[in-house]
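The values are calculated or read from the model by the stated rules, or taken from the named source; none is laboratory data. Quantities reported herein were computed from a predicted structural model and do not represent experimental measurements. We place every Cβ from the backbone using ideal geometry, glycine too, and count neighbours over all the protein chains shown.
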Amino acid sequence: MNVKRETTAKPAVMDTLEISEHQATVGHCFSDNAKMTMRNVNVFYGEKQAIFDVNVDIAKNEVIAMIGPSGCGKSTFLRSLNRMNDTVEGCRVEGDVRMDGEDLYAPKLDVVELRARVGMVFQKPNPFPKTIYDNVAYGPKIHGLADTRVDLDEIVENSLRKASLWEEVKERLHQSGTGLSGGQQQRLCIARAIAVSPEVILMDEPCSALDPIATAKIEELIEELSENFTIAIVTHSMQQAARVSHRTAYFHLGRLIEVNPTEQVFTMPEHDLTEAYITGRFG
Amino acid sequence: MNNSMTNLEKIRKSLSRRNRAEGLFRWAGRVAIFLGLMAVVVLFVDIIGKGHGAFRIAYIELDIDYDPEKIGIENLSDPQQLAGADWQALPKAALNKQFPGITSRGDKRSLYGLISNGAGYDLKDRLMANPLLLGDQERVWILTDDDIDTYYKSWLAGEPYAARLSDKQVEWIAELHEHGKIRLQFNANFFTRGDSREPEQAGIRGALVGSLFTLALTLIFSFPVGVAAAIYLEEFAPKNGWTDFIEVNINNLAAVPSIIFGLLGLAIFINFFHVPRSVPIVGGLVLTLMTLPTIIISSRAAIKSVPPSIREAALGMGASKYQMVLHHVLPLAMPGMLTGAIIGMAQALGESAPLLMIGMVAFIVDIPGGFSDPATVLPVQIFLWADSPERAFIEKTSAAIMVLLSFLIVMNASAVWLRKRLERRW
């Protein structure tokens with residue numbers, strides 16, 4: 001992994017209006033209460049650059065939504081937060097990504113630990129072809145979080161409750177997780193992610209494969225979860241971003257164009273590109 | 001409007017042409033499958049038609065007098081006496097009693113030629129199992145000579161083949177048949193004995209056990225190595241020129257004629273490492289070389305078919321790569337790997353060429369008792385019997401092919417069954 005460290009930190013609050021096009025982000029990118037900070041992040045797939053010079057903070061217990069047209073790099077950005085990009089052949093991340101001040105791309109950092117702290121929910125529900133119980137218990141088991149069977153049962157129940165799935169599956173914990181409906185599967189994946197009590201949860205278009213009712217449930221869940229977790233969510237649906245997030249980040253062709261409180265982004269976006277996107281002139 | 005009508009007409013016209021083409025294609029497919037099935041049917045009919053006779057063999061009923069004097073033995077526990085005893089004298093005496101008045105040397109030889117020259121040893125086994133018989137009499141079904149067996153079967157079928165029999169023998173058999181003293185019995189020897197120069201005493205037990213030992217070793221050697229190689233190449237190896245090179249060469253190895261692996265085994269295992277020849281160990285090693293590419297290729301395909309979303313889920317949960325492979329990829333890929341292994345084993349079971357090179361083609365009478373006993377395998381046994389001049393070996397060859405084919409069918413069917421059984425959907 002090729003990590004270039006930027007020593008010159010940017011000022012904590014940027015002057016939002018005097019930014020030239022394609023060079024820096026407009027809006028409120030930074031936070032005084034940052035959980036994760038990214039400075040001058042560039043991501044490459046082989047020779048092709050997917051992310052250009054992104055600077056943004058993710059605040060504690062906030063829900064930040066990433067929106068933008070297809071291929072704009074929002075998923076790539078999300079996956080650089082828990083180093084899932086490591087698994088992609090030829091992917092290279094440059095710049096400074098930190099969580100609580102700790103460099104996530106430091107050679108000494110163990111991705112296993114990082115991913116226990118930064119959970120992830122994927123676009124397509126991907127429960128393991130195991131029982132519901134084993135799906136949720138998997139994380140605690142591999143990380144050795146439960147000392148006894150009773151502890152484990154408790155973690156599983158709590159996680160399923162937090163994911164509002166407990167009532168629906170408590171009678172069939174030992175049936176296959178793949179037998180659930182799509183929405184239930186996705187909530188199972190969320191339960192699986194929160195079973196290891198991560199600090200941050202990354203969601204990569206978690207509702208794109210779900211029907212509106214299942215989507216509403218997940219959105220409700222995201223709101224509840226934001227009390228305890230920091231959540232970064234990539235979404236194709238602007239309505240969803242408007243409903244669930246506190247701040248919204250707009251990506252365009254690999255550049256982070258604007259980050260602002262959600263309300264502002266959808267009512268009076270600062271940048272022309274953002275406005276063009278949310279008014280449906282492209283997308 | 002006019003234009004769209006003509007379009008519709010054009011579509012209709014082309015539709016019938018397309019339907020005709022599709023119908024033709026379906027028929028071609030059916031004909032191809034029919035031809036394939038016919039080939040199988042012809043093969044099976046031919047082999048079963050030739051080989052079914054080997055499962056029954058002619059026996060003659062004789063009154064055996066266990067006379068200690070005739071055998072030349074008094075004490076059954078004296079090994080020296082046992083070794084010097086003339087066991088064949090027992091059935092000979094019984095034949096003399098059955099057909100009295102035969103004095104000339106030639107006729108006597110003809111008479112004694114009715115029975116297998118191993119018949120005396122069968123009687124010895126009976127006597128040793130029940131020592132009280134010594135000095136007593138008993139009516140026993142005695143194994144016939146292979147020429148007699150062949151003649152009797154052809155005679156029963158209405159097309160007597162008497163080329164190797166004397167006129168007297170033909171008469172005697174007719175007489176025995178009239179009195180119900182000759183009959184076909186289940187040929188247990190075929191399944192319980194090893195090879196023999198005498199067709200009526202030859203069995204496939206030795207080759208069968210040899211095949212099992214060899215295959216067991218092949219499986220033990222090739223499955224773990226093949227699966228480990230496949231996992232490493234699929235999940236851990238960096239994708240670069242080296243892995244491409246290795247991949248190309250694994251595919252090359254799968255296409256190498258098997259006799260080359262035999263030569264390699266001869267050069268490396270026998271000449272360099274001095275593994276004894278003709279034993280299941282070296283056979284298993286050579287077949288491992290041959291089976292490995294098959295197992296690696298099918299295991300890689302099985303690993304590839306595990307959806308990437310499962311890998312992402314495991315990695316996203318903080319599983320290490322090793323845990324991801326062990327907990328998720330391996331269990332999901334296992335049915336495919338096992339199927340590949342079974343098909344590889346079936347290939348190895350039917351393989352004879354490489355084993356010829358490492359001495360497993362030897363004539364071995366004893367049934368191997370372990371991995372380091374000289375042994376032969378089923379296909380090599382078929383080769384040996386097919387090469388033998390005795391007419392009775394023709395049906396033995398076909399019978400051995402039947403045994404081999406039934407093992408192959410069982411293995412391939414279990415591969416299909418296993419795949420269906422363990423198949424998971426996600």
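Couple of notes before you dig in:
- Counting only helices (runs of 4 or more DSSP H) that sit wholly inside segment B:62-118, those with at least 1 residues that are modelled with pLDDT of 90 or more and under 39 Å from the mean Cα position of the chain (by Cα) are B:89-98, B:105-112.
- Flag if A:S159 is hydroxyl-bearing (S, T, Y), at negative phi and within 14 Å of chain B (Cβ to nearest Cβ): yes
- Helices (runs of 4 or more DSSP H) enclosed by segment A:145-260 - at least 3 residues per element that are closer than 13 Å to A:I132 by Cβ: A:149-162, A:166-169, A:182-194
- Qualifying residue in segment B:154-168 (condition: of a type in the set (S, T, N, Q), without any contact (Cβ under 8 Å) to a residue 24 or more places away in the chain and under 16 Å from B:E395 (Cα atoms)): yes
- If the condition is being among the charged types (D, E, K, R), more than 7 Å from every other protein chain (Cβ to nearest Cβ) and farther than 17 Å from B:S299 by Cβ, then segment B:310-340 contributes only B:K321.
- Residue count, segment A:77-92 (criterion: within 9 Å of another protein chain (Cβ to nearest Cβ) and under 13 Å from the mean Cα position of the chain (by Cα)): 2
- Pairing residues of segment A:82-109 that are at positive phi with residues that are among the hydroxyl-bearing types (S, T, Y), at Cβ distances under 6 Å and at least 6 apart in sequence or on separate chains, gives A:G90/A:Y45.
- Meets criteria (surrounded by 20 or more Cβ atoms within 10 Å (Cβ to Cβ), out of contact with any helix residue (DSSP H, G or I) (no Cβ under 6 Å at 6 or more places or on another chain) and touching a residue at least 12 places away in the same chain (Cβ under 8 Å)) for B:A85: no
- Scanning segment A:111-138 for residues that are over 24 Å from A:I51 (Cβ atoms), of a type outside the set (F, W, Y) and more than 8 Å from every other protein chain (Cβ to nearest Cβ) turns up A:P125, A:K130, A:T131, A:I132, A:D134, A:N135, A:V136, A:A137.
- Unmet criterion (only one of (1) under 25 Å from B:P335 (Cβ atoms); (2) surrounded by 14 or more Cβ atoms within 10 Å (Cβ to Cβ)) for B:I220: (2)
- A single entry from B:V227, B:V275 fulfils the requirement of being at pLDDT 95 or above and over 20 Å from the mean Cα position of the chain (by Cα): B:V227.
- Exactly one residue out of A:I218, A:I201 is surrounded by 14 or more Cβ atoms within 10 Å (Cβ to Cβ) and free of Cβ contacts under 8 Å to residues at least 60 places away in the same chain, and it is A:I218.
- Flag if A:T131 is over 23 Å from A:T230 (Cβ atoms), free of Cβ contacts under 8 Å to residues at least 60 places away in the same chain, in contact with a helix residue (DSSP H, G or I) (Cβ under 8 Å, 6 or more places away or on another chain) and of a type in the set (S, T, Y): yes
- Residue in segment B:341-363 that is surrounded by 17 or more Cβ atoms within 10 Å (Cβ to Cβ), under 19 Å from B:P280 (Cα atoms) and among the hydroxyl-bearing types (S, T, Y) present: yes
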